[in-house]
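Colleague: To start, I am sharing the structure in question, which I have written as structure tokens.
FYI, it's all coordinate maths here, none of it is from the lab. None of the values given here were measured: they were computed from a predicted structure. As a convention, Cβ positions derive from the backbone with ideal geometry for all residues, glycine included, and neighbour counts pool all protein chains shown.
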Amino acid sequence: MPKTTRRRRTKAAIQKILSDFQSSGLSQERFCKENQIPYSSFQSWLKKSRKTNQSVLPAIIPVGIVPSPAPWIEVELPQGQVIRLSPGVNSEDLKTVLTALRQC
């Protein structure tokens, strides 16, 4: 009976296989069959990968609060028109707009 040799894969090769599996949409068994990978080896790699990835995650994930932007400035004219100025408008531009409105 001929002896079969075990194929040793690098960590990078195993990660590539696991990544290919994730994007394949196939079941584990089907993926292994189509790629001629021993199912038991695949299971072992997957288990080790999940354990490694789990231990890498921090216990606390830092979050931050993003302040909401200043509200828009709205000027409603007597005729019903509305002028909207962005929150970042500078005071000189605002004065210019108000002066022009007074002259109307």
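Colleague: Between residue 12 and residue 72, what length in nm is gained on full extension when 0.36 nm per residue of separation is reduced by their alpha carbon distance?
Modeller: Net length gain for the segment: 16.4 nm.
Colleague: For Kirkwood radius over Cα pairs in Å, which listed value, [x] 14.6; [y] 14.2; [z] 20.5, comes from the coordinates shown?
Modeller: Calculated Kirkwood radius over Cα pairs in Å: the matching label is [z].
Colleague: Give the range of the longest stretch in the chain that excludes all trypsin sites (Lys or Arg not before Pro) found in loop regions by DSSP and having at most 12 other beta-carbon atoms within 10 Å. Write down the numbers at each step before the final one.
Modeller: Numbers: sites that count: 3, 6, 7, 8.
Of all site-free stretches, the longest is 9-104.
Colleague: How high is the relative contact order of the chain, given as a whole-number percent (alpha carbon pairs under 8 Å, six or more residues apart)?
Modeller: Relative contact order for the chain comes out at 12 percent.
Colleague: Now, a different point. Rounding to the nearest 20 debye, state how big the charge dipole of the chain is about its Cα centre with +1 on each Lys and Arg Cβ and -1 on each Asp and Glu Cβ. Intermediate values should be presented prior to the final figure.
Modeller: Working: 16 positive and 7 negative charges, 321 e Å.
About 1540 debye.
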